[in-house]
Amino acid sequence: MDNTPEALQSIMAINAVYREYDVAQRMLEDQIKAPICTGCGKCCRNNTIFAYGLEAANAVSYLLGRHQMYSMQKRIEGWLLERHRECPTYEPLTENKFSFGLDGKIKDEAIALSKIQCPFYEDKRCLLYQCRPLACRAYGVTRTSEACPRPLGFGEILSRHRYIGGELQKELKAEVNATLDMVPRDTWKYGGFFPTLIYSHVWPKKFANMVQNGLIATAKLVMTYPSLAVIWQDQVESMSVLDIKVSV
């Protein structure tokens, strides 16, 4: 765990952003007179989410502080080593080597993998709820989904849920950007699959060995900059081409 002042400051900053998201959610719920989340778990059953590297470092800090990190090790290893049908391609990579111009096959596999159940969802609850990433917190708050089965609120229709926009969204964007600008290492600005980022942060040598021996599907190593963890509705509506690469 990186305990430098810069790292700790960054982790404190991302938690401040999380608290702002909690406030924004309550504000939106007050406006529409309905809950944003009913706890049905549909989004968790259909998403293995991307997160920023900073968020993985924050999750590690949270788990270590509660002596839960090693209880998560087998769970994450199981997901990394499982041969999901969504990502059959295995291409061993050299540590710290980036592959630009990634072919469409790996991109398609990564997108397919992102639509399966999150490995941290169990018994109708999120095992990492307190340190869940922005991709989870944004769902229903600064971005919307027609597939969400929550009840309609005031001024909503089936094809369009209300979400936070305008000046408050600008403030949230500014806080996210300012937080990412202060991180002590560039990899904390990248986005990747949340379990991959956590494991590579805690057990880097073991992770590198697994990658070099071709034990992890290439799609699980996909990294993005900026992140695929889309947290703003305007990004969702304007997104066309995903600029992605593979990193160890």
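Assess whether Leu158 counts as being surrounded by fewer than 21 Cβ atoms within 10 Å (Cβ to Cβ) and at pLDDT below 90. Explain how you work it out, then say what you get.
On the way: surrounded by fewer than 21 Cβ atoms within 10 Å (Cβ to Cβ): yes; at pLDDT below 90: yes.
Answer is yes for this residue.
Residue count for segment 44-61 under the criterion of being part of a helix (DSSP H, G or I) and over 20 Å from Met182 (Cα atoms): the result is 2. With respect to the conditions (1) hydrophobic (A, V, I, L, M, F, W, C); (2) at pLDDT below 95; (3) within 30 Å of Ile157 (Cβ to Cβ); (4) assigned to a helix (DSSP H, G or I), Cys40 falls short on a single one, namely (4). Here Pro226 meets the list (1) surrounded by fewer than 23 Cβ atoms within 10 Å (Cβ to Cβ); (2) modelled with pLDDT of 90 or more; (3) within 19 Å of the chain's Cα centre (by Cα) almost entirely, failing just condition (2).
Could you tell me whether Asn213 is surrounded by fewer than 12 Cβ atoms within 10 Å (Cβ to Cβ) and more than 29 Å from Pro5 (Cβ to Cβ)? Break it down stepwise before answering.
Values: surrounded by fewer than 12 Cβ atoms within 10 Å (Cβ to Cβ): yes; more than 29 Å from Pro5 (Cβ to Cβ): yes.
So Asn213 fits the description; yes.
Applying the criterion of being surrounded by fewer than 18 Cβ atoms within 10 Å (Cβ to Cβ) and over 30 Å from Ala219 (Cβ atoms) to the residues of segment 33-59, the residue that is nearest to the chain's Cα centre (by Cα) is Thr38.
Name the single residue that is modelled with the lowest pLDDT among those in segment 109-126 being assigned to a loop (DSSP other than H, G, I, E, B) and surrounded by 18 or more Cβ atoms within 10 Å (Cβ to Cβ). Give the steps one after another, and end with the answer.
Residues of segment 109-126 assigned to a loop (DSSP other than H, G, I, E, B): 114-120, 123-124.
Now drop any that are not surrounded by 18 or more Cβ atoms within 10 Å (Cβ to Cβ), which leaves 114, 118-120.
Values: Ser114: 93, Cys118: 97, Pro119: 97, Phe120: 97.
It comes out as Ser114.
The values are calculated or read from the model by the stated rules, or taken from the named source; none is laboratory data. Computed from a predicted structure; not experimentally measured. Glycine also receives a Cβ, built like all others from the backbone with ideal geometry; neighbour counts cover every protein chain displayed.
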